[in-house]
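Where a number appears in this text, it was derived from the coordinates with a stated rule and is not lab data. Keep in mind that this is a model prediction, so the values were computed, not measured. Don't worry about glycine lacking a Cβ; one is built from the backbone with ideal geometry, like all the others, and counts go over all protein chains shown.
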Amino acid sequence: MKRHRLPAPLLDAMLVGASLADVWVNVDTEERLAMACALLAAFALPLRRRLPLSTFLLTLPTAIVTDAVLATLAALYTLASLSRHRILLAGCALTFAISDFTPWPWSSVEVHELSDTSSLIHLSYGLATAAAPVFLGQLVQARRELSLRLAEISEAREHERLLTAQSVLATERAQLAREMHDVVAHQVSLIAVQAGALQMGTQDAETREVAATIRRLGVQTLEELRHMVSVLRASGSRPTELTPQPSLADLQRLVNGSGIEAELSTDLPDSLPPTVQRALYRTVQEALTNVRKHAPGATAAIRIHHEDGAVHAIVTNTAPARPALPLPSAHHGLIGLRQRAELLGGTIVFRPTAAGGYELRLELPIEDAR
């Protein structure tokens, strides 16, 4: 539960008011010296946090010449809550006790009056009165330091928890890298090898072309897997680029290696922002992948142009020529395209066409892309 503390100016005002009330009760207004000392002590209290020892010394005269000692005790408490000098605190407490015990004016003191039993009791009472704010101030100081230590311990534990979480994450990434290298990369390598063997061993031109495409895609996939494995194994090092970033110059090679009959039409300059170029490349890549998976035998047309301060990319495919094979898909690719477009301030739309095919439309504002 959070504790609410009074504002310092309000607390000072309340303490000064209480000290003035103590002066009003215990000091005769006709005694000018006593009244001056008491008022000085009361109005010196707001300085007690910045100048604790000086404030105590300013309030000490009122303990000598009057019975209004509230200001002196408050100053002594503040000094004890801020100072670590035990000898100084003991000396201040003893000084207060003697000042409160010794009658004023000092010229009227007789030796036998200082040695009787009542005087000793009075002195003991003064020492106890001085010890109370000192012990209380030291207790508050110890509590404050304990709270700081607990805060430091909590911060250290939080830092340790973050380090543990990072260590666990690094272990998981290393394990994932091993699995990708040992399982996925191995299987893709077998696919590429088998496709190469088929390409060399068949006499059918169409089969040879399909096998060459499978082999080329397998090799590209292996290269991307190797780079992803190296990134995962670099856990805890400086951030690295996930892939060699593609640009518009790579679009034609992407279309040629897609394994489907596709036509690319673009009039965009190469000076577009890199983020826009990557978004266009990834959009066309995902669209061609979906055509290959869900519309076997279909042809595709890619049209990319600039109009009204925005880049428009339209990928359209015809109806499939044969039934699609059932392949696992979580639609993460389309979700990623939508998120990428939204981050760049653009929009993306997927919809079927009247001819039984599918159409993807991407629009990105050039002036908003970074």
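In table form, for the structure just shown:
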{"quantity": "Cα gyration tensor category, rounded, prolate or oblate, for segment 30-89 with a/c compared to 1.5", "calculated": "prolate"}
{"quantity": "Segment 8-155: relative contact order as a whole-number percent, Cα under 8 Å and 6+ apart", "calculated": "21"}
{"quantity": "Over segment 8-155, equivalent-ellipsoid semi-axes from the Cα gyration tensor in Å", "calculated": "30, 20, 11"}
{"quantity": "Under 5 Å, built H, 5+ apart or other chain: amide partners of T266", "calculated": "I304"}
{"quantity": "Charge dipole magnitude, Cβ of K and R +1, D and E -1 - segment 248-365, Cα centre, debye nearest 20", "calculated": "480"}
{"quantity": "Translational diffusion of segment 248-365, µm² s⁻¹ [Kirkwood Rh, Cα pairs; Stokes-Einstein; 37 °C; 0.692 mPa s]", "calculated": "226"}
{"quantity": "Cβ-defined net charge surrounding D67, 14 Å radius [Lys, Arg +1; Asp, Glu -1]", "calculated": "-4"}
{"quantity": "Long-range HN-HN contacts of I366 with modeled amide H, under 5 Å", "calculated": "A310, V311"}
{"quantity": "Phi-based couplings in Hz for segment 66-78 (Karplus 6.51, -1.76, 1.60; Gly and Pro marked x)", "calculated": "9, 9, 8, 10, 4, 5, 5, 5, 5, 5, 5, 4, 5"}
{"quantity": "Per-residue ³J(HN,Hα) for segment 148-165, Karplus 6.51 cos²θ - 1.76 cosθ + 1.60, θ = phi - 60°, Hz, x for Gly and Pro", "calculated": "5, 5, 5, 5, 5, 5, 5, 5, 5, 5, 5, 5, 5, 5, 5, 5, 5, 4"}
{"quantity": "³J(HN,Hα), Karplus 6.51/-1.76/1.60, whole Hz, each residue of segment 249-257, x for Gly, Pro", "calculated": "5, 8, 5, 4, 5, 5, 5, 5, x"}
{"quantity": "Amide H within-cut-off set for T299, under 5 Å, with H built and near neighbours excluded", "calculated": "T318"}
{"quantity": "Around T202: net Lys/Arg minus Asp/Glu count, Cβ-Cβ under 12 Å", "calculated": "-2"}
